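First the structure, in the form of structure tokens, and then the observations on it.
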Amino acid sequence: MSVGERSLRALPYEAPRLDRLWPSWREQLLEGYRWMVLGRVLDERMLGLQRQGRVGFYGPATGQEAVSVGVALALAAEDWVFPGLREQLLLLVRGHPLTTYMDHLFANDRDPARGRQMPCHPTGRDARYVSMSSVIGTQVTQAVGLAYGLKLRKERAVSLAFFGDGATSANDFHAGMNFAGVFSLPVLFCCTNNQWAISVPVERQSRVEELAHKAGAYGFAGHRVDGTDLVAVFTSAREALGRIRDGHGPEMLEFLVYRMTPHSSSDDPSRYQQGDWMARAREVDPVPRVSELLSRTGVLTPELEARLRADAEALVKAAIVEAEAVPAPDPASLFTDVFAPAPLGPRSG
Amino acid sequence: MTDLTLVQAVNRALHEALSTDPDVLILGEDVGVNGGVFRATEGLQKEFGSERVIDTPLSETGIVGAAVGMALYGLKPVAEIQFLDFIYPAFDQIVSEVAKFRYRSGGQYPCHVVIRTPYGGGIKGGLYHSQSSEAYFAHTAGLKVIVPSNPADAKGLLLTAIHDEDPVLFLEPKRIYRSVTGEVPDGDHRVPFGQAATVREGSDVSVFAYGAMLPQAVQAAEALSSEGVQAEVIDLRSLVPLDEKAVLASVEKTGRAVIVHEAPRFCGYGAELAALLAEKALYSLKAPVARVTGFDTPFPYALEHVYLPNAERIAHAVRTTARAS
């Protein structure tokens with residue numbers, strides 16, 4: 001059964017199985033759900049603000065929330081994350097304040113990166129979340145280099161490289177996978193395959209049936225995971241991270257998801273997405289799937305559900321009000337951080 | 001003090017850095033067992049181990065991308081690109097990533113990577129073992145671009161690069177790797193960035209050069225001395241940051257300037273120097289600024305001696321500039 005044909009609506013888990021798979025699932029799954037709701041609310045509100053001209057750009061992660069949240073729950077504080085375009089929720093789960101992220105989205109004077117990047121390109125040293133560029137794939141070799149350091153210093157941490165399906169066609173994907181294999185480095189390659197690189201479908205990126213198969217060519221294991229299933233994302237990431245920490249070298253996980261929004265606020269998918277794409281995507285929308293599971297197992301009540309949603313909306317609203325009131329960056333900040341601030345002798349310009 | 005060739009001085013700088021700082025790593029193609037195709041890393045893997053002197057797979061973007069990750073982790077990677085001509089697969093990493101990490105992260109992620117690479121012609125290397133593409137990199141904000149012309153500077157500038165907080169592209173003039181020998185201070189010898197060196201004082205014309213063009217410029221100046229033209233030769237050493245003060249002070253003294261580089265002329269580094277003189281020293285100039293450069297062609301094989309500026313071409317330009325009024 002192909003992904004498009006399956007009728008996967010409810011997550012196929014019962015409490016006894018979850019007890020075996022994930023002993024602390026009641027608390028953590030609920031915690032994860034809370035973050036997914038926050039992510040969904042954030043996407044709704046920020047796309048709206050972008051349309052009103054209040055933020056310049058927005059790259060939603062709707063439909064992909066389970067990947068960021070599931071992996072974040074499986075990580076340790078000492079792990080490092082090299083994000084792709086849609087891992088901002090992971091930054092928040094790792095403890096980066098929502099208000100600071102909002103400062104970044106508004107590119108205001110309180111943004112730690114001084115409003116230098118387009119929205120949805122945050123940096124969070126506090127969460128070991130590395131600054132991303134808009135260039136596709138360059139973070140892959142960087143994550144590998146950092147993993148070289150982890151191995152050299154005998155840390156039990158893992159370096160994670162996130163990227164999309166399009167990036168598997170880029171130079172640095174190949175170079176990074178190859179280096180990681182040759183040096184047997186503690187890297188988890190996380191391909192979030194949302195089946196679209198802007199307008200180009202994944203079939204145009206590669207002839208392989210599953211992108212995870214590419215790992216074999218570099219000498220290590222790759223697995224495809226249902227990226228709309230929070231339990232599957234968490235358990236597969238936890239297991240892979242455990243093996244990597246134990247020194248077994250890199251692995252790749254391909255999280256298959258549906259992009260449920262345009263590529264970004266600048267994109268119009270009606271030009272290239274036809275038929276029942278959105279209908280199929282909604283069938284496996286990760287947020288209601290977790291909600292259904294938690295309700296069925298008695299963890300989530302309608303009252304709690306309503307409260308989670310209201311809390312998320314209040315948090316996002318408060319962060320927006322606060323960030324929007326902060327002025328634009330000081331023009332002088334244009335010239336800082338090009339080089340280190342220390343006096344380095346005469347310099348031109 | 002020890003007498004060393006330029007490539008030996010590079011090797012001694014790397015040895016010094018590896019010995020004194022456990023965070024320093026070397027990575028590149030053929031740098032380990034083979035000691036580098038020019039032997040710049042000779043003996044280092046044997047002494048410091050294959051974990052710190054790393055033979056990598058053949059991928060420049062892999063080398064520089066991995067070096068970025070190492071730097072973000074807090075190590076001090078020194079990446080070797082075998083020839084500057086082969087750096088372009090890593091251009092994206094250098095221009096989009098290395099140069100912008102500090103800026104785009106608001107200082108949260110400095111990216112201190114040193115990239116060493118032999119550059120320039122004169123070794124019969126043809127199109128792809130001869131290029132001088134320093135201008136691409138000097139044009140990119142966030143990168144320092146350094147070019148030594150003698151053994152002592154090679155060691156001192158490389159050690160400064162390794163211990164600097166910013167990314168550095170370190171261009172080694174391979175043509176004079178072995179043809180120039182000089183005294184090199186032992187130990188942790190450092191030469192600061194942003195300071196040009198006056199190699200020969202003169203009152204009539206300022207000659208600005210760097211890297212393998214230095215010996216040619218000096219030879220030209222010596223030859224002109226007997227004709228009564230006293231050329232001042234300035235070794236820029238540091239293209240970014242540029243020692244603007246030294247450039248302007250010399251031209252204010254001589255009133256005449258000749259700029260020498262082996263890279264093509266159009267949009268070459270000399271164009272920036274000429275613009276600087278036009279902006280800030282116009283009233284000191286007694287003659288048009290002259291440039292002696294490679295041609296606006298790809299780098300040739302059989303005709304490299306025609307392509308490359310030499311003492312004769314430099315002397316001709318200096319003579320013409322000295323007489324112009």
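Of note:
- Cross-link table B:K100/B:K174; A:K154/B:K76; B:K245/B:K286; B:K100/B:K144; B:K76/B:K144, entries beyond 21 Å C-alpha to C-alpha: B:K100/B:K174
- Each of A:L11, B:F86, A:A310 was placed along the dipole of the protein assembly as shown (beta-carbon charges, centred on the mean Cα), and the one lying farthest toward the positive end is A:A310.
- Cβ-based charge dipole, region A:244-349, positive-most Cα from A:F255, A:P286, A:F335: A:F255
- By other beta-carbon atoms within 10 Å, ranking A:H223, A:H104, B:H305 with the fewest at the front produces B:H305, A:H223, A:H104.
- Comparing mean-square fluctuations of A:T168, A:T301, A:T228 from a GNM of chain A with C-alpha springs under 10 Å, the top value falls on A:T301.
- Net charge contributed by nearby residues that have their C-beta within less than 9 Å of A:N193 (K/R +1, D/E -1): -2
- Electrostatic bookkeeping for B:A287 treats Lys and Arg as +1 and Asp and Glu as -1; over the other residues with beta carbon under 9 Å from its beta carbon, the sum is +3.
- Mean Cα-pair separation over length for chain A, i.e. relative contact order, pairs under 8 Å, 6 or more apart, %: 23
- Within-15-Å neighbourhood charge of B:P185 [Cβ basis; K, R +1; D, E -1]: -3
- Ordering B:87-99, B:6-18, B:32-44 by mean Cβ neighbour count within 10 Å, with the highest value first, yields B:6-18, B:87-99, B:32-44.
- 0 to 90° range, to nearest 10: angle between helix B:60-73 axis and chain B longest Cα axis: 70
- Shielding by other protein chains, A:109-116, mean Cβ within 10 Å: 3
- For region B:2-184, pairs of C-alpha atoms spaced more than 26 angstrom apart make up 22 percent of the total.
- Cα centre as origin, Lys/Arg/Asp/Glu Cβ charges: region B:2-184 dipole, Debye: 260
- Footprinting exposure proxy for A:F234, B:F101 (fewest neighbouring C-beta atoms within 10 Å first): A:F234, B:F101
- Of all the options A:P186, A:P16, A:P269, the one that moves most in a Gaussian network model of chain A with Cα springs shorter than 10 angstrom is A:P16.
- Listed residues B:L18, B:S226, B:A212: farthest to the positive end of the dipole of chain B (Cβ charges): B:S226
- Global size of the protein assembly as shown as Cα Rg and Dmax, reported in angstrom: 28.5, 99
- Antiparallel beta bridges, as assigned by DSSP with both residues in the protein assembly as shown, represent about 20 percent of the total such bridges.
- Here region B:197-323 is assigned +1 on the Cβ of each Lys and Arg and -1 on the Cβ of each Asp and Glu. Its dipole about the Cα centre then comes out at about 260 debye.
- Charged side chains reduced to their Cβ positions (Lys and Arg at +1, Asp and Glu at -1) give the protein assembly as shown a dipole of some 440 debye around its Cα centre.
- Annotation: average projected area of chain A is 19.6 square nanometres, based on the convex hull of Cα atoms across all directions.
No value in this document is a laboratory result; all are computed from the given coordinates. This is a predicted model, so every value here is computed, not measured. Positions of Cβ are generated from backbone atoms using ideal geometry, with glycine treated the same way; all protein chains shown enter the neighbour counts.
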